[in-house]
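Written out below as structure tokens is the structure these notes cover.
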Amino acid sequence: MERLAVLIADDERNIRKTLRLCLESLECDVKEAAAPQELDVALEAEGCDLVLLDLKFGPANGLDLLPGILERQPEAAVAMITAYATVETAVAAMKAGATDYLPKPFT
């Protein structure tokens, strides 16, 4: 069985670390991006099946990054994750092509 390739794009180190531990325990291949520039490099390097994208990703807005991710990785599912959840951003994320929207903290 092929392992799921997951990219965690979040500027919070603890979130990346926790998600990595959980996903690796499920036998996923995990990559991390701590900044938008690292996201670009990770997307260019190899494909991914799932991107966990922070809404407030350092200086960038995850909603602004979403179209570029889907253009580069059209088969990838993108789940927006945020500590600043609102109905408006959830609707905007889904309209922009996000597969899911997960408010932090999540289990």
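A few notes on this one:
- If only the Cβ of Lys and Arg carry +1 and only the Cβ of Asp and Glu carry -1, the dipole of the chain around its Cα centre is close to 360 debye.
- Nitroxide proxy distance, nm - points 7 Å out along Cα→Cβ at residue 61 and residue 41: 2.7 nm
- Of the residues 93, 79, 45, the one that moves most in a GNM of the chain with alpha-carbon contacts below 10 Å is 45.
- The chain: relative contact order in percent, alpha carbon pairs under 8 Å with at least 6 residues between: 24 percent
- The H on the amide N of residue 81, modeled in the peptide plane, is under 5 Å from the matching H of 53, 54, 55, 102, each at least 5 residues off or on a different chain.
- Net length available on complete extension from residue 29 to residue 71 is 13.0 nm, with 0.36 nm assigned per residue and the Cα-Cα distance removed.
Coordinate-derived values only; no laboratory data. Predicted, not measured: the structure shown is a model, and the values here were computed from it. Glycine gets a Cβ as well: all are built from the backbone with ideal geometry, and neighbour counts include every protein chain shown.
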